[in-house]
Amino acid sequence: MKAKQIFFLVYQWLVAVPVLFVLTILVALSTIALSPYLPNSRVSYLPARFWARAICRLLFIRVRISGLEKLNPDQSYIFVLNHQSVFDIFVVYGWFPHIFKWMMKAELRKIPFVGKACESAGHIFIDRSSPLAARRSLQIAESQLKNGVSLVIFPEGTRTRSGQMNPFKRGAFRIATDLSLPIVPVTLRGSFDRLHGNTLHVNPGTIEAIVHAPVDVSPFLPDDTASLIQVTWQTIHDGL
C-alpha cells in the first residue's frame with residue numbers, strides 16, 4: 001500500500017468517520033423534528049441534503065449529475081437506479097432536487113436514529129415477510145406519490161458485489177403501471193470504484209449520475225411489465 005493510501009486510510013477512520021457519525025445523529029434528529037411539521041417540504045429535506053454532501057466532501061468524492069433538465073419539477077416519477085455502493089444513497093440525497101420517498105428494506109428501520117428519521121420522513125419500508133405484507137407496502141408507496149412527490153428505488157434489491165448489474169425486481173414497475181407514472185432510469189457510474197462491496201476502504205474520486213429521459217409506461221399497459229423492466233434495465237446498463 002502506498003504512503004498516500006495509508007495516509008488517507010488513517011484520515012478516513014480517525015477524522016472522517018467520527019465526524020460523519022456525529023453528523024448522522026444530528027441530521028437524523030433534525031429530520032425527526034422537522035418532518036411532522038413540514039411534511040414533503042424542501043426545508044425538512046435540507047438536513048439530509050447537507051449530510052450527503054458533507055459525507056462526499058469529507059471523503060473527497062466528487063459528484064457530477066447530468067440530465068435533470070429532462071424532468072418536470074411538478075411531475076411525480078419513479079426513479080430507478082442501479083446500485084453500486086452506499087455512496088449511491090448520498091448522491092440521491094445530495095444532488096436530486098425532487099421531493100422523494102425511498103423504498104427500502106424493512107430491516108433498515110432497526111438502524112438507531114436513521115430508521116426513525118426515515119420513518120418520520122415518510123419513506124416506505126418494504127415488508128417481504130408475505131405477499132400480503134409486500135402488497136400493503138406498495139399501497140403505502142402509491143398513496144405518497146402525488147403533487148410532485150416521487151419514489152426512488154434500487155430494483156436490484158441490494159448493491160452489486162461484482163460491479164455488474166443484477167436483474168431487477170418487479171415492485172417499482174408495478175407501482176409505475178398501477179399509477180401510470182413515468183419511470184426515470186438513472187445510471188450511477190463510478191460508485192463501485194469508490195467503495196467495493198467487500199471492503200470499508202473508500203477510494204476518493206468521481207461518481208457520475210446520468211438521468212435518462214422518462215419512460216412512458218402506457219405502451220406497456222396493461223400487463224407487459226417484463227418488457228418495461230427490460231427497457232429500463234438496458235437503458236441504465238448502456239450508460240455504464
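Bear in mind these aren't lab numbers, they're just calculated from the coordinates by the rules spelled out. Given the structure is predicted, the values throughout are model-derived calculations rather than measurements. A quick note on method: Cβ atoms are made from the backbone with ideal geometry, for glycine too, and the neighbour counts reach across all protein chains shown.
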- Task: Six or more apart or on different chains, Cβ under 6 Å: which pairs go from a residue in the stretch 38-54 that's in contact (Cβ under 8 Å) with a residue 60 or more places away in the chain to one that's surrounded by 14 or more Cβ atoms within 10 Å (Cβ to Cβ) and outside any helix (DSSP H, G or I)? Could you list them?
- Result: Asn40/Ile99; Asn40/Val149; Ser44/Ser35
- Task: For residues that are crowded, with 18+ Cβ neighbours inside 10 Å, aliphatic (A, V, I, L, M) and touching a Ser or Thr at 6+ places or on another chain (Cβ under 9 Å), tally how many sit in the stretch 40-70.
- Result: 4
- Query: Which residues, taken from the stretch 101-142, are without any contact (Cβ under 8 Å) to a residue 12 or more places away in the chain and closer than 18 Å to Leu38 by Cα?
  - Reply: Glu119
- Task: State whether one or more residues within the stretch 75-84 are over 17 Å from the mean Cα position of the chain (by Cα) and touching a residue at least 12 places away in the same chain (Cβ under 8 Å).
- Result: yes
- Task: Within the stretch 124-138, identify whether any single residue is part of a strand (DSSP E or B), aromatic (Phe, Trp, Tyr) and either more than 28 Å from Asp238 (Cα to Cα) or more than 13 Å from the chain's Cα centre (by Cα) (or both), and answer yes or no.
- Result: yes
- With respect to the numbered conditions (1) aromatic (Phe, Trp, Tyr); (2) under 17 Å from Leu145 (Cβ atoms); (3) exposed (fewer than 14 other Cβ atoms within 10 Å of the Cβ), which one is the sole condition not fulfilled by Tyr37? (2)
- Query: Within the stretch 22-79, how many residues are of a type in the set (Ser, Thr, Tyr) and touching a Pro at 6+ places or on another chain (Cβ under 8 Å)?
  - Reply: 3
